[in-house]
Structure formats: structure tokens, C-alpha cells
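To keep things clear, I will list the structure first and then write my remarks on it.
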Amino acid sequence: MAAYTLNINNRNYEIDSDPAMPLLWAIRDFAGLTGTKFSCGIAQCGACTVHIDGNPVNSCTMPVSAAANKKITTIEGLSANNDHPVQKAWIEEQVPQCGYCHSGQIMAAVALLKRTPNPSDSDIDRAMQGQLCRCGTYPRIRKAIKTAARLMKA
């Protein structure tokens with residue numbers, strides 16, 4: 001066991017844990033933020049995507065020791081009222097079907113739009129390739145990303 005300070009959504013959490021514990025469990029169990037989902041546990045689906053210092057990472061395989069003293073942003077940290085442009089676009093375009101994967105999808109889309117404010121279809125495909133949607137809402141995801149890009153320009 002070791003002591004770590006995790007800065008999650010601009011709030012510090014002091015935790016004692018095994019250094020190898022996945023960041024996902026610290027987010028869900030220690031911080032009580034359940035928007036970040038567990039699905040595959042092997043960094044293949046993207047449901048657990050969060051931002052570390054602004055970059056998307058799979059929190060299910062990132063050890064908590066590697067996230068200490070870094071800026072962690074979860075879906076709950078994007079906006080206080082679900083009014084981030086990507087969240088608004090997701091609602092406007094009616095993207096979710098079951099909704100399970102969408103916190104990870106949204107976090108990946110936010111990172112994409114920070115890097116590439118006006119993404120092409122191929123930019124979107126590359127950025128979102130690690131994000132699986134079992135319901136197959138990929139056309140609506142692409143449309144929402146383009147809508148969010150327009151909202152962010154305004």
C-alpha cells in the first residue's frame with residue numbers, strides 16, 4: 001500500500017492503495033464518481049476513457065501510481081450542468097441508445113476536438129477507433145462530433 005494524491009476534476013483525493021490498482025477503481029470507489037464505466041478491463045473498448053493532463057487514456061489499465069499528481073478529468077468534470085458543447089451535441093443528435101459507452105465516447109471526442117477543431121471523417125475515425133459502441137451508434141457519434149465542432153466555433 002502507498003499514499004497518493006489524485007487531482008480529479010480539480011479536487012484532490014488522498015488515497016491509500018496498491019500502486020498497481022487501476023485508476024478506474026480509484027475514480028469510482030475512492031472519489032465516488034461513477035460516470036466512468038468498467039467494461040472490458042483490458043483497454044480495448046474505451047468505456048473507461050478519462051483525460052490525464054488533457055490526453056485520453058483508458059483508466060482500466062492505468063495504474064493509480066502513474067496518475068498521481070496529474071490532472072485527471074472524468075465525464076463529471078467536463079461541465080457542471082452537462083452543457084459542454086460535446087455533451088450538448090450528443091443530446092441534440094440523440095446519440096445514446098443504451099448509453100453505457102458514451103462517457104468514454106464523449107471524453108475521446110472532447111480530446112479530438114481540442115487537437116483538431118474541424119475534424120474530417122478520417123480524423124474522427126482515427127480518434128474514435130478505440131471506442132466501441134455495442135449498439136452501433138457510430139453514424140450518430142460522427143454527426144454529434146461535427147455538431148460539437150460547429151458549437152465550439154460559435
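The values are calculated or read from the model by the stated rules, or taken from the named source; none is laboratory data. All figures in this text were calculated on a predicted structure; none of them were measured in a lab. Please note: Cβ atoms are built from the backbone with ideal geometry, for glycine as well, and neighbour counts cover all protein chains shown. These accessible areas exclude ligands, DNA and RNA; they are computed on the full protein's heavy atoms, side chains included. Shrake-Rupley method; radii C 1.70, N 1.55, O 1.52, S 1.80 Å.
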> In segment 85-101, what residues are open to solvent by less than 40 Å² (accessible area, probe 1.4 Å), under 23 Å from Val57 (Cβ atoms), in contact with a helix residue (DSSP H, G or I) (Cβ under 7 Å, 6 or more places away or on another chain) and in contact (Cβ under 8 Å) with a residue 24 or more places away in the chain?
Replying inline: Pro85, Val86, Ala89, Trp90, Val95
> Just a yes or no: is a residue in segment 81-89 over 27 Å from Pro19 (Cβ atoms) and in contact with a Ser or Thr (Cβ under 7 Å, 6 or more places away or on another chain)?
Replying inline: yes
>> With the requirement that a residue be in a loop (DSSP other than H, G, I, E, B) and either acidic (Asp, Glu) or closer than 23 Å to Arg115 by Cβ (or both), what does segment 61-72 give you?
In response: Thr61, Met62, Lys70
>> Looking at segment 38-70 only, could you name the residues that are in contact (Cβ under 8 Å) with a residue 24 or more places away in the chain, open to solvent by 60 Å² or more (accessible area, probe 1.4 Å) and closer than 19 Å to Ser17 by Cβ?
In response: Thr61, Asn69, Lys70
> Hey, Ala80 hits all of (1) open to solvent by less than 70 Å² (accessible area, probe 1.4 Å); (2) modelled with pLDDT under 95; (3) within 17 Å of Asn9 (Cα to Cα) but one; which does it fall short on?
Replying inline: (1)
>> Condition first: assigned to a loop (DSSP other than H, G, I, E, B) and either under 17 Å from Val50 (Cα atoms) or open to solvent by 90 Å² or more (accessible area, probe 1.4 Å) (or both). Now tell me which residues in segment 128-146 satisfy that.
In response: Gln129, Gly130, Gln131, Leu132, Cys133, Arg134
> Does Gly35 meet the test of being open to solvent by less than 10 Å² (accessible area, probe 1.4 Å) and of a type in the set (Gly, Ala, Ser)?
Replying inline: no
> Of all the residues that make up segment 1-32, how many are in a loop (DSSP other than H, G, I, E, B) and open to solvent by less than 30 Å² (accessible area, probe 1.4 Å)?
Replying inline: 1
